[in-house]
Amino acid sequence: MSHPRKTKNHRRAAGKHVAGRRTVRVLFSCVGRRVELIRAFRNAGAALGITLEVHGADTSRMTPGGQHVDKCHTIAPINRHHASRLLAIVKREKIDLLVPLIDSELQWIADAEPRFREAGCTALISSPEVVGACRDKLATFAALSAAKIDTPKTSSWDEALVRQRHRFPYFLKPRAGSAAMGNYRINSLDELKVIGARVPEAIVQEFVTGVEHTLDVYTGLNGVPRCVVPRRRIEVRAGEVSKALIVKDPGIMDIGIRVASALGDCRGVITVQCIVTPRGRIRVIEINPRFGGGVPLSIHAGADFPKWILSEQLGKKPRINPTGFRADVAMLRFDDSVFLPHASRLLDEKDRRR
């Protein structure tokens, strides 16, 4: 198992110790629908014998996650002031740990990480360079290729258009997209021209067939990958996994270690998506430096990421068995509801107009 080189950012990423305190305040930004993750953190706090005070932030209080936190904060939609707005909450509520949850906020928070640290808060975020490389799919391709990690050939749409020879199908998607929005299979030159013209900053990838897996890679607060849990994706709804199965494949797990080591300054849990082809090639297609939507399955299988993170936040060294999770465990997700009495008081102006 290889480890990334120690960097300045690794040294600063050791986290703020709060030893001696029995209350830890956690803020989930863009809390949305992440109820299962909130529950997992609460369970971890109880197992560690600490009081966890859970805060959430979102553009509306009418979110499922907002009903499962101790205090929900309303913030404006994400823009260049996003980190400053979160920082104001951190200072006012004396937040110890900030957990970002969606792709579009990550760069703003990564760039502002020193400001959160100065305020006494650990932002669970990879370095700005890592976040940028993961967000930009051309940069992802360059980073993986440089590390000799198998990944589909990727180019800009403009470059693909001028090729003399084409090998259809291709996979086309936005350069900075997420949640499978704007993703298309391209079967002809006409489709490449027409569809690519309407996708913002489109990139074109070699089309890969096989079984898709998402890897939850734990890198803690010091950037060292210590556990990789592969989840075989069985069914996806609206870009998020709805059925998945834990597999314990050493080859796939090693890919997760190699990716995190190549990136060099990851933090918390990152998700690595790969496809295992019919011939057994493991090809990395995407990286997201945050908790993935299907991470509750890995936690349920025994990789207690919230407990490990909270332990590190408390200045302790968690005991991590990299292969201690259970294989052959499945997750079948379904819709559930939160019912709110007197809910009109939670509506913002936008909701009232609907």
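At a glance:
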{"read-out": "The listed residue being at pLDDT 95 or above, on the phi < 0 side of the Ramachandran plot and among the charged types (D, E, K, R), out of R21, R34, R61", "value": "R34"}
{"read-out": "For L310: the one exception among (1) surrounded by fewer than 21 Cβ atoms within 10 Å (Cβ to Cβ); (2) in a helix (DSSP H, G or I); (3) touching a Gly at 6+ places or on another chain (Cβ under 7 Å)", "value": "(1)"}
{"read-out": "Counted residues, region 17-31 - those being among the basic types (K, R) and either in the same structural domain as E312 (by TED's automatic domain parsing) or under 17 Å from the mean Cα position of the chain (by Cα) (or both)", "value": "0"}
{"read-out": "Candidate set from region 34-73 (those that are polar (S, T, N, Q) and touching a helix residue (DSSP H, G or I) at 6+ places or on another chain (Cβ under 9 Å)); member that is farthest from V90 (Cα to Cα)", "value": "N43"}
{"read-out": "Subset of region 269-286 (residues that are within 14 Å of F141 (Cβ to Cβ) and not hydrophobic (A, V, I, L, M, F, W, C))", "value": "Q273, R283, E286"}
{"read-out": "Residue that is surrounded by the fewest Cβ atoms within 10 Å (Cβ to Cβ) [pool: residues in region 101-134 that are closer than 15 Å to L86 by Cβ and of a type in the set (S, T, N, Q)]", "value": "S104"}
{"read-out": "All positions within region 265-287 that are of a type in the set (S, T, N, Q) and surrounded by fewer than 21 Cβ atoms within 10 Å (Cβ to Cβ)", "value": "Q273, T277"}
{"read-out": "V217 buried (at least 16 other Cβ atoms within 10 Å of the Cβ), in contact with a Pro (Cβ under 8 Å, 6 or more places away or on another chain) and hydrophobic (A, V, I, L, M, F, W, C)", "value": "yes"}
{"read-out": "Residues (surrounded by 15 or more Cβ atoms within 10 Å (Cβ to Cβ) and in contact with a Ser or Thr (Cβ under 7 Å, 6 or more places away or on another chain)) located in region 135-184", "value": "K137, L138, F141, L144, T151"}
{"read-out": "Helices (runs of 4 or more DSSP H) completely within region 188-302 that count 1 or more residues being under 20 Å from the mean Cα position of the chain (by Cα)", "value": "250-263, 295-300"}
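The values are calculated or read from the model by the stated rules, or taken from the named source; none is laboratory data. Remember, it's a predicted structure, so these values are computed and weren't measured experimentally. Neighbour counts are summed over all protein chains in view; Cβ atoms, including those assigned to glycine, are modelled from backbone coordinates with ideal geometry.
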